[in-house]
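Below is one structure, written out as structure tokens, with a few remarks after it.
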Amino acid sequence: MSVPGAVHSKLPAVGTTIFTVMSQLAAEVGAINLGQGFPDFSVPTFLMDALTRAMNEGRNQYAPMPGIPALRQAIAAKTASCYGTRPDPETEITVTSGASEAIFSVILSVVRADDEVIVLDPCYDLYEPAIALAGGLCRHVRLCERDFSIDWTRLRAAVTSRTRLIIVNSPNNPTGAIWSAEDVAQLTALTRETEILVLSDEVYEHIVYDGQWHESVLRNAELAQRSFVVSSFGKTYHCTGWRVGYCIAPTALTTELRKVHQYNTFSSFTPAQWAFANMLQAHPEHYRELSGFYQPKRDRFAAQLARTRFVPLPVPGGYFQVVDYSKVSALPDVEFARWLCTEHGVAVIPLSPFYGKAVEEQRLVRLCFAKDQSTLDAAIARLEGV
Ligand code: GLN
């Protein structure tokens, strides 16, 4: 007889995500939440109006499974203008319920039992459970310490005849590290004449600083032939709760992805698809100016942190600031994050949950600076007292 307590978990090592844990703790103790990555400022007015309009116009039923044509066309145009290649909206673009759904569906569509999937630590916490549910084996390769660049010798050494997929992420969550053209060239050479596929998580594609540009896999025609490139409107338009993302991949790969997507979520929130289609068309400057919008926040926050005992690491992209807290505490990072939240009222994200095996001696946490200046000022005032 089966009893609920005896469920044989498919994900025995998985608990609640660190993002949810820290957000809950922040709410409980009334802390300023710089943990889970979400902006606390408003969505562009045009986009909100477009969403309301779409609902009032009656666009409230199922969208087509791959996404509404107007949005896929707008994504194709944006991709052409950003990366010089225009994916076919009919066969190469799929709108998903957030980038998370895209990543999950990609992994389930291509990873078979005992296939190996390489991830680069620290990496986003969704990859490994999805690989495990597909029956695959997750092989963790560590990025270099401090600058989180790729050790290509180490990565090459992790490739075997069973490697099915390599997952990359630039700008990286949690570190903000970005890929160089050389990295893209290395991955292209590494996968040439193999069956290996690539999943490139590029949700922070429009947030790259200091005049650098985003090295999308889509810029490289050869690599793009074996790649699923995932992005998200939540990060670009300050609306992580709307849950709309997309995946660009060659037709054969998109066909497989859609087989899973259609039974996973089937289609994504229709009114938001109309709103994003309108927004992309009417205001392309929004994503073009996003790096310029965030860079002063990054700079000011780093300057403010200099008044504390937290040491900020460089942030080439994304909206997270990693800091070294070793001058403050010797606690391991998860314990430290709990302590900081309960004792000093600032929620942050420890880095160890982003690793297959935590780096014992590392004392790093991630702070989200996608916040109004008043929120950041209040957080700094608390951190100054630590
Ligand atoms: N992407 C968000 C972050 O890195 C977390 C989203 C979530 O809570 N699943 O903070």
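Scan the range 336-375 for residues that are more than 16 Å from the ligand (Cβ to nearest atom), within 17 Å of Met22 (Cβ to Cβ) and of a type in the set (A, V, I, L, M, F, W, C) and report the count.
4
Does Gly245 satisfy being within 18 Å of Ala76 (Cβ to Cβ), within 16 Å of the ligand (Cβ to nearest atom), in contact with a Gly (Cβ under 7 Å, 6 or more places away or on another chain) and open to solvent by less than 30 Å² (accessible area, probe 1.4 Å)?
Values: within 18 Å of Ala76 (Cβ to Cβ): yes; within 16 Å of the ligand (Cβ to nearest atom): yes; in contact with a Gly (Cβ under 7 Å, 6 or more places away or on another chain): yes; open to solvent by less than 30 Å² (accessible area, probe 1.4 Å): yes.
In short, yes.
Which of the residues that make up the range 153-175 are in a strand (DSSP E or B) and of a type in the set (Lys, Arg)? Before the answer, list the steps.
Let us first name the residues in the range 153-175 that are in a strand (DSSP E or B), namely 163-169.
Arg164 - this is the single residue of the range 153-175 that is in a strand (DSSP E or B) and of a type in the set (Lys, Arg).
Can you find, within the range 99-123, the residue that is nearest to the ligand (Cβ to nearest atom) among those that are closer than 11 Å to Val230 by Cβ and among the hydroxyl-bearing types (Ser, Thr, Tyr)?
Per the criteria, the residue is Ser100.
Consider Gly58 against the criteria (1) open to solvent by less than 60 Å² (accessible area, probe 1.4 Å); (2) over 14 Å from Ala347 (Cα atoms); (3) within 22 Å of the chain's Cα centre (by Cα): it satisfies all of them except one. Which criterion is unmet?
It is condition (3) that Gly58 fails.
If Val3 satisfies every condition in (1) modelled with pLDDT of 95 or more; (2) open to solvent by 60 Å² or more (accessible area, probe 1.4 Å) but one, which is the exception?
(1)
Exactly one of (1) without any contact (Cβ under 8 Å) to a residue 40 or more places away in the chain; (2) crowded, with 20+ Cβ neighbours inside 10 Å is unmet by Pro171. Its number?
The single condition Pro171 does not satisfy is (1).
Consider Val168 carefully, then state whether it is closer than 23 Å to Thr194 by Cβ, in contact with a Phe, Trp or Tyr (Cβ under 8 Å, 6 or more places away or on another chain) and more than 16 Å from the ligand (Cβ to nearest atom). It would help to see each step written out before you state the result.
Values: closer than 23 Å to Thr194 by Cβ: yes; in contact with a Phe, Trp or Tyr (Cβ under 8 Å, 6 or more places away or on another chain): yes; more than 16 Å from the ligand (Cβ to nearest atom): yes.
So Val168 passes the test.
Hey, Asp333 hits all of (1) open to solvent by 10 Å² or more (accessible area, probe 1.4 Å); (2) within 16 Å of the ligand (Cβ to nearest atom); (3) farther than 27 Å from Ser170 by Cβ but one; which does it fall short on?
(3)
When you look at Asp49, is it out of contact with any Gly (no Cβ under 6 Å at 6 or more places or on another chain) and either crowded, with 23+ Cβ neighbours inside 10 Å or part of a loop (DSSP other than H, G, I, E, B) (or both), yes or no? Don't jump to the end; show me each part of the working.
Numbers: out of contact with any Gly (no Cβ under 6 Å at 6 or more places or on another chain): yes; either crowded, with 23+ Cβ neighbours inside 10 Å or part of a loop (DSSP other than H, G, I, E, B) (or both): no.
It is false that Asp49 is out of contact with any Gly (no Cβ under 6 Å at 6 or more places or on another chain) and either crowded, with 23+ Cβ neighbours inside 10 Å or part of a loop (DSSP other than H, G, I, E, B) (or both).
If I filter the range 178-200 down to residues being of a type outside the set (Val, Ile, Thr) and open to solvent by less than 10 Å² (accessible area, probe 1.4 Å), which single residue comes out as farthest from the chain's Cα centre (by Cα)?
At the first step, the residues of the range 178-200 found to be of a type outside the set (Val, Ile, Thr) are 179-183, 185-187, 189-190, 192-193, 195, 197, 199-200.
Narrowing further to those that are open to solvent by less than 10 Å² (accessible area, probe 1.4 Å): 187, 199-200.
Values: Leu187: 20, Leu199: 12, Ser200: 10 Å.
That would be Leu187.
For the structure I just gave you, tell me whether Glu145 is within 16 Å of the ligand (Cβ to nearest atom) and under 30 Å from Pro296 (Cβ atoms).
Details: within 16 Å of the ligand (Cβ to nearest atom): no; under 30 Å from Pro296 (Cβ atoms): yes.
It is false that Glu145 is within 16 Å of the ligand (Cβ to nearest atom) and under 30 Å from Pro296 (Cβ atoms).
Give the residues of the range 213-242 that are polar (S, T, N, Q), surrounded by fewer than 24 Cβ atoms within 10 Å (Cβ to Cβ) and farther than 22 Å from His286 by Cα, sorted by residue number.
The answer is Asn220, Gln225.
Tell me yes or no: at least one residue of the range 68-82 is out of contact with any Lys or Arg (no Cβ under 8 Å at 6 or more places or on another chain), open to solvent by less than 80 Å² (accessible area, probe 1.4 Å) and charged (D, E, K, R).
Within the range 68-82, the first condition is being out of contact with any Lys or Arg (no Cβ under 8 Å at 6 or more places or on another chain), and the residues that meet it are 68-75, 78, 81-82.
When the remaining residues are screened for being open to solvent by less than 80 Å² (accessible area, probe 1.4 Å), the result is 68-72, 74-75, 78, 81-82.
Next, only the ones that are charged (D, E, K, R) stay: 72, 78.
The answer is yes, given that some residue of the range 68-82 is out of contact with any Lys or Arg (no Cβ under 8 Å at 6 or more places or on another chain), open to solvent by less than 80 Å² (accessible area, probe 1.4 Å) and charged (D, E, K, R).
Please work out which residue is farthest from the chain's Cα centre (by Cα), limiting yourself to the range 120-152 and to residues that are under 22 Å from Arg162 (Cα atoms) and in a loop (DSSP other than H, G, I, E, B). Let's see the steps before the verdict.
So the first thing to find is which residues in the range 120-152 are under 22 Å from Arg162 (Cα atoms), and the list is 120-121, 123, 126-143, 150-152.
Checking the rest, the ones that are also in a loop (DSSP other than H, G, I, E, B) come to 123, 126, 134-136, 143, 150-151.
Working: Cys123: 9, Leu126: 9, Ala134: 20, Gly135: 23, Gly136: 21, Leu143: 17, Ile150: 18, Asp151: 21 Å.
Out of the qualifying residues, it is Gly135.
Would you please name the residue that is farthest from the ligand (Cβ to nearest atom), looking only at residues in the range 5-43 that are part of a helix (DSSP H, G or I) and in contact (Cβ under 8 Å) with a residue 12 or more places away in the chain?
If we filter the range 5-43 for residues that are part of a helix (DSSP H, G or I), which is where we start, we get 5-6, 18-29.
Still in the running and in contact (Cβ under 8 Å) with a residue 12 or more places away in the chain: 18-20, 22-23, 25-26, 29.
Numbers: Ile18: 8, Phe19: 3, Thr20: 6, Met22: 9, Ser23: 7, Leu25: 13, Ala26: 12, Val29: 18 Å.
Among residues in the range 5-43 that are part of a helix (DSSP H, G or I) and in contact (Cβ under 8 Å) with a residue 12 or more places away in the chain, the one farthest from the ligand (Cβ to nearest atom) is Val29.
Would you call Tyr209 among the aromatic types (Phe, Trp, Tyr) and either out of contact with any Leu (no Cβ under 8 Å at 6 or more places or on another chain) or under 21 Å from Glu116 (Cα atoms) (or both)?
On the way: among the aromatic types (Phe, Trp, Tyr): yes; either out of contact with any Leu (no Cβ under 8 Å at 6 or more places or on another chain) or under 21 Å from Glu116 (Cα atoms) (or both): yes.
Yes.
The values are calculated or read from the model by the stated rules, or taken from the named source; none is laboratory data. Keep in mind that this is a model prediction, so the values were computed, not measured. Glycine also receives a Cβ, built like all others from the backbone with ideal geometry; neighbour counts cover every protein chain displayed. Note: areas computed on protein heavy atoms with side chains; ligands, DNA, RNA excluded. Shrake-Rupley method; radii C 1.70, N 1.55, O 1.52, S 1.80 Å.
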